[in-house]
Structures are given as C-alpha cells and as structure tokens.
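A short write-up of the structure that comes next.
A short reminder: the numbers here are calculations on the coordinates, not readings from a lab. No experiment lies behind these values; they were computed from the predicted model shown. Virtual Cβ from ideal backbone geometry, glycine too; neighbours counted across all protein chains shown.
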Amino acid sequence: MTNSEIVTSLLASGDRQADLHRKAAELRDREFGKTVFVRGVVEVSNYCRENCSYCGMRRDNRSLSRFRLDFEPLLELLLNHRPASITDLNFQAGEDPIVVRELVIPLLRELRAHTNLGLSVCLGTLSERDYAALREAGASFYIIKLETGDPAHYRTMASPGNLDERLAAIRHLAVAGWDVSSGLIVGLPGQTPEMMAATIAMLRDLPLVGNSVSPFIPGNETLWPDHPAAPLDLAINAVATMRLLNPDRIIPAVSAMTLVGHRGYGRALAAGANLTTINLTPPGPRQNYLLYTRERNIMTEERIIREIADAGCVPSQVGLSTALSQRRACPAAA
Ligand code: 5AD
C-alpha cells in the first residue's frame, strides 16, 4: 500500500469501510484462527520523567498525586488472585527507572519462577542495562510506542526524547531478542491523515511483532483540554489497515475505544484486533494513572469474555510468547 492508499483506508466509510473491516478480520482468522489473547495489565507507577503534551502524567502536572505500587500485595494478587483467562501480564508505568529496578525486576523474577505467564513491559525509553536486566528477569515482550512518526510533529507533541532515539530503542530491543510492539495515537492535535499514514507505514517496516492504535482523548491536565477526541471510525480503520499491512502481528483492542464511540471494543475485534486486556491495577492508585480523563472504562474479566464471544472468537489458551515462538518454529501450521 502507498501512503495515499493508507490515507484512503483510514478515511473509509460505508461499503468500503465494511469491506476493509471484513478483510482485516479474515486475515486475523487466517493467521490466528479466531483466538484472542487476554493480557492482564498492572499500572505500577505514575511517576514520569517525560512531559508529553497530551498525557496527564506529564512531569509538569504538579497536581497529580504520584504512586508506586507495593511489592508484597501485588505479588500475592498476581500469584493467587488473577483472573483465570489471563495468559500474559503487562507491567506499565510512566517513565520511571526507579520502579523498574525496585519493583518490576524483582516481581518478574518471582513470576518467572512460579508461573508460566508471558511477561510484557511498557516502561518507556530506558538504558540498555535496564532492558537487559528486565529480559534477564523474565520479560520477553516490550511495548514502546511512537505515538507519532513525523519528526516535527513528534517535537511539538513533546513525545518521549526524540523520534530518532525512540526508533533506535525499538531496533535495539528487537536485536537484543525482545518481541517488540509499537503504535500510534490517532487524532492528536496537528496530526494530518498523511502524518498518520506515514506513521503506520513506518510501523509496518520496523522489526515488530505487534502494533497498536489509541484514539486521542483530551485531558484537563494536559496542554490540549479542548481538542476533540479522535473519531472511533478513524481508530478502527487504523486497526484494520495495520492488519492488512502486517497480517501476523498482535494488535490490541484498547479500552479507550469504548470512550470515543459506541461498541468500540467489539468493533476493534471485528476489524482484526486479536488481543484484549484486563486491568488489574488496584482501584485506589488506578484513579491517579491519568492518561487523559479520570473516566476510564475498566474492562473486567466478565466483560472481556463476553466481548470476545460476541465477536465470534475464543480466548487463547497459550500466552503471546508461546504462540509467537510456535509460529516461528512452524509458520504454516501455527
Ligand atoms: N489520548 C490517548 N492516549 C493517550 N496516551 C497518553 N495520553 C493519551 C491521550 N491523551 C496513551 C499513549 C500511551 C498510552 C499508555 O496511553 O498511547 O502510550
């Protein structure tokens, strides 16, 4: 697909849009056989040294109370009280190297020793030593988003560091043996359809196993409180377009989609998404994990299972890393 064909795909409506979503779902089914991965997410810290203009956890937001979760109760929750359908966990935080060393690494070690869960992290741009320590502790999947792939727009958005650094981090992680996922926000202030298409083309060409799309949502404690939220159709079309470009990638349905339109989650699954997430952050701290607004649609296990069934799919019995290594060993049969 050329970039201008990607633009057309992002803006598709009516019959062409229905066609796009159907094709994407067929490709997902062909590659993954109607299975959807279920990953638990724990937001372990909202401290952040970055200052992304669109994010409520930006370091300049002095009014936010900051937290790091405690080790013992979290380990107990994850070992003994996690929802049964979860095959993978993702530890996510603002860019906070302290929580990486003090909490995430010891937690990964325990989980690696006592469970066969797939372990993912989404912790920002860190030092190569920190990446290596995370890998050695048992994580194998790194989520590191571009948000926007246009260098000038990246600067105006004040996204993490600079674009070249972010791209270098993605390449480094892939070479170091991580399964890497990246993605973008669609509908950011000042982002044209051409910029989104160029970002999607950039993601297509990177050494990734997963892609994601988040619809922009304005937050009061960001620089863009009055900018409109992204239309749901744009976000769903982006999911479907990514599925056409890289049929074998892991692409999540994200809960933010339920905030920008009707049936967002189900529509993402019907347009080729193949990963769902259950938020396991304890409710108190979760209130302060402020990406945009304090309203977030928290997806419970019950709701996730229903959405997967409504989309005619089934939850995967195996975790992401296992599924990915099976596919690598035997691509035709997997
Ligand atoms: N709208 C949508 N997504 C946002 N994120 C941060 N701020 C916003 C926003 N205003 C997303 C980014 C980040 C993820 C954790 O949340 O994609 O990677």
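Taking label points 7 Å from Cα along the Cα-to-Cβ direction, Glu72 and Thr2 give a separation of 6.4 nm.
Relative contact order of the stretch 1-74: 19 percent, from C-alpha pairs under 8 Å at least 6 residues apart in sequence. Each DSSP beta bridge with both residues in the chain is either parallel or antiparallel, and the antiparallel ones are about 5%.
Can you tell me how the stretch 255-326 classifies by the Cα gyration tensor, rounded, prolate or oblate, using a/c under 1.5 as the rounded cut?
Values: a/c = 2.12, a/b = 1.39, b/c = 1.52.
Cα axes put the stretch 255-326 in the oblate bin.
Between the residues Gly284, Ile298, Thr199, the greatest Cα displacement towards the positive end of the dipole of the chain, with unit charges on the Cβ of Lys, Arg, Asp and Glu, is found for Ile298. The modelled label-to-label distance between Arg16 and Ile98, using points 7 Å beyond Cα along the C-beta direction, is 5.2 nm.
In terms of the Cα gyration tensor, with a ≥ b ≥ c the square roots of its eigenvalues, is the stretch 185-334 rounded because a/c is under 1.5, prolate because a/b exceeds b/c, or oblate? Taking the square roots of the gyration eigenvalues as a ≥ b ≥ c, the stretch 185-334 is oblate. With a/c under 1.5 counting as rounded, go ahead and sort the stretch 1-129 into rounded, prolate or oblate using the C-alpha gyration tensor (a ≥ b ≥ c being the square roots of the eigenvalues; past the cut-off, prolate if a/b is larger than b/c, else oblate). Oblate.
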